[in-house]
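So the structure is just underneath, and the comments pick up after that.
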Amino acid sequence: MFGYRVPAPDQAMLISGGRRGLGGAPFRVVTGHGKFVLPVFRKTRFLTLSMCEAEVVENCVTRQGIALSVRAVIAFKVGNDTESIVNAGQRFLSDQDQMSILTGRIFAGHLRSIIGSMTVEEIVTERQKLATEVLDTSKSEMAKIGLHVDSLQIQSIDDGDTGYIDAMSAPHKAAIQRQAQIAQAKATQAAAEAEQEAARNQAEYARQTAIVQAEYSAEVERAQAKAAQAGPLAEAHAQQEVLDARTELAERAAQLRQQQLVAEVVKPAEADAERIRVLALAEAERMKIQAEAAASYDRVALDRMLIDQLPLIVKEAATGLSGANVNVLNGADGLGEIAAGLVGQGLTILESVRNNLGTPAGTGSAESVDLKRYLGAPAQRQDADGGGKSEGPVEIE
């Protein structure tokens with residue numbers, strides 16, 4: 001629309017002519033919205049509110065007298081408040097590039113002043129402190145010209161050919177290099193250990209894999225062998241069962257045949273043997289009884305025969321003595337003793353015969369006892385006291 005002006009978001013529109021601005025400013029400030037501007041009667045200008053940059057490269061001398069070349073970068077802009085816009089507009093509206101030049105010069109002066117009060121070590125190690133002090137000392141000056149500093153960065157500090165900074169940093173460089181070497185050695189060792197551990201893990205995995213494969217292969221082979229042997233084993237088991245059944249049947253048949261043989265042969269043979277033994281015992285007992293009876297009868301007959309023949313024996317003995325030259329010393333008694341001796345000899349012959357026939361000595365039949373009683377003892381003579389006494393021996397020539 002004709003006469004309606006709108007500033008950009010990063011601009012401030014300055015309207016001059018007509019009424020004055022706030023606080024007696026020679027122009028009105030419009031930001032963020034449009035405004036009707038009468039042509040010919042009003043004039044509009046635009047002031048940038050965007051970020052600006054100023055670079056400072058300054059040779060400074062430290063408190064130690066060492067010359068340093070310092071390079072810094074300042075980021076600044078026009079303040080957002082009306083007063084800062086008015087101050088900046090009055091100074092830089094016709095040539096807004098002068099803001100960077102003036103800002104660089106202001107900071108260069110403050111930078112030389114602050115570095116001159118510090119040592120190289122402080123400048124190098126405390127750059128943020130240097131930037132803060134420069135900002136603090138320049139803040140009031142920058143506010144007067146309507147500028148606001150956002151940041152100050154010390155980009156580089158160079159001592160030229162003096163080598164002071166390098167010498168100062170040598171121990172640190174050595175320490176850093178040593179630490180770097182140590183770190184590198186540790187990293188190398190850790191890498192080697194990691195590689196060895198990885199190799200061991202791979203070897204262990206390979207070993208376990210080989211073991212598992214071997215077990216699987218062995219299991220498969222066992223299964224195959226078992227499957228291959230299943231048929232022959234089954235046939236062998238069947239044959240073995242047949243042989244076992246045949247063996248058991250043969251054993252049962254043998255036991256049955258043995259029982260039959262026992263029933264048919266052994267038992268009848270044992271019965272016959274027992275019958276024969278009983279019959280033999282009975283026959284032996286019968287023969288013993290017959291033998292005892294026969295022996296008893298023979299002894300009785302022999303005794304009776306001897307008794308019958310004894311007088312003849314005595315007679316024959318006496319006949320033998322008839323031609324002998326016998327001297328009888330005690331008369332009739334001596335003759336009786338001779339007779340008695342003959343009878344005793346006959347009895348002795350009887351006992352010998354009896355013993356040969358099995359009759360115990362000292363025992364005899366009733367006939368022999370009667371014979372002894374019949375013949376009597378040798379004649380004895382009674383003396384006056386009633387005792388018997390032999391008259392004397394009989395001598396036979």
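From zero outward in steps of 5 Å, how is the percent of C-alpha pairs of segment 146-274 spread across the bins?
The distribution over segment 146-274 is 2, 6, 5, 5, 5, 5, 5, 5, 5, 4, 4, 4, 4, 4, 4, 3, 3, 3, 3, 3, 3, 2, 2, 2, 2, 2, 1, 1, 1, 1, 0, 0, 0, given as percents.
Order the peptides 198-206, 150-158, 85-93, 163-171 from the highest to the lowest mean number of other Cβ atoms within 10 Å of their residues.
Put in order of decreasing packing, that is 85-93, 150-158, 163-171, 198-206.
Using protein chains only and a probe of 1.4 angstrom, how many square angstrom of E283 are accessible, to the nearest 10?
70 Å²
Mind scanning K77/K173; K139/K173; K77/K129 and naming the pairs with a C-alpha gap bigger than 31 Å?
Violating the 31 Å Cα-Cα cut-off are K77/K173; K139/K173.
If each of T82 and K288 carries a label point 7 Å out from its Cα toward its Cβ, how far apart are those two points in nm?
17.5 nm
Set the Förster radius R0 to 41 Å, insert the Cβ-Cβ distance between R63 and K43 as r into 1/(1 + (r/R0)^6), and round the FRET efficiency to 0.05.
Computed FRET efficiency for R63 and K43 comes out at 0.20.
Could you report the accessible area of H148 in Å², rounded to 10, computed with a 1.4 Å probe on the protein chains as they sit in the structure?
Taking all protein chains as shown, H148 has close to 100 Å².
Put a dot 7 Å past each Cα toward the Cβ at A245 and L261; how far apart are the dots in nm?
Roughly 2.8 nm, to one decimal.
Using the basic label-point model (7 angstrom from Cα toward the beta carbon), what is the S156 to A198 distance in nanometres?
If labels sit at S156 and A198, their model points lie 4.1 nm apart.
In percent, how large is the relative contact order of segment 67-197, given Cα pairs closer than 8 Å and 6 or more residues apart?
Normalised by residue count, the contact order of segment 67-197 is 42 percent.
Hey, what did segment 1-104 get for relative contact order, percent, Cα under 8 Å, at least 6 apart?
RCO, segment 1-104: 23 percent.
Want the number for A228 to T348: 0.36 nm per residue separation, take away the alpha-carbon distance, what's left?
Once the chain is fully extended between A228 and T348, it gains 32.4 nm.
How much of the accessible area of segment 104-231, probe 1.4 Å, is carbon plus sulfur, in whole percent?
Heavy-atom surface of segment 104-231 belonging to carbon and sulfur, 1.4 Å probe: 54 percent.
Rank-order 58-68, 72-82 by packing density, defined as the average count of other C-beta atoms within 10 Å over each peptide's residues, highest first.
Answer by packing, highest mean first, reads 72-82, 58-68.
List the extent of the Cα atoms of segment 230-302 along each of their three principal axes, largest first, rounded to whole Å.
Computed over the Cα atoms, the extents are 100, 16, 7 Å.
When Lys and Arg each count +1 and Asp and Glu each count -1, what net charge do the other residues less than 14 Å away from C60, Cβ to Cβ, add up to?
Result for the local shell: -1.
The values are calculated or read from the model by the stated rules, or taken from the named source; none is laboratory data. Everything numeric here is computed off the predicted structure, so don't read it as measured data. No Cβ is skipped: glycine too gets one built from the backbone with ideal geometry, and neighbour counts run over all protein chains shown. To get the accessible areas, we keep the full protein, side chains included, count just its heavy atoms, and leave off ligands, DNA and RNA. Shrake-Rupley method; radii C 1.70, N 1.55, O 1.52, S 1.80 Å.
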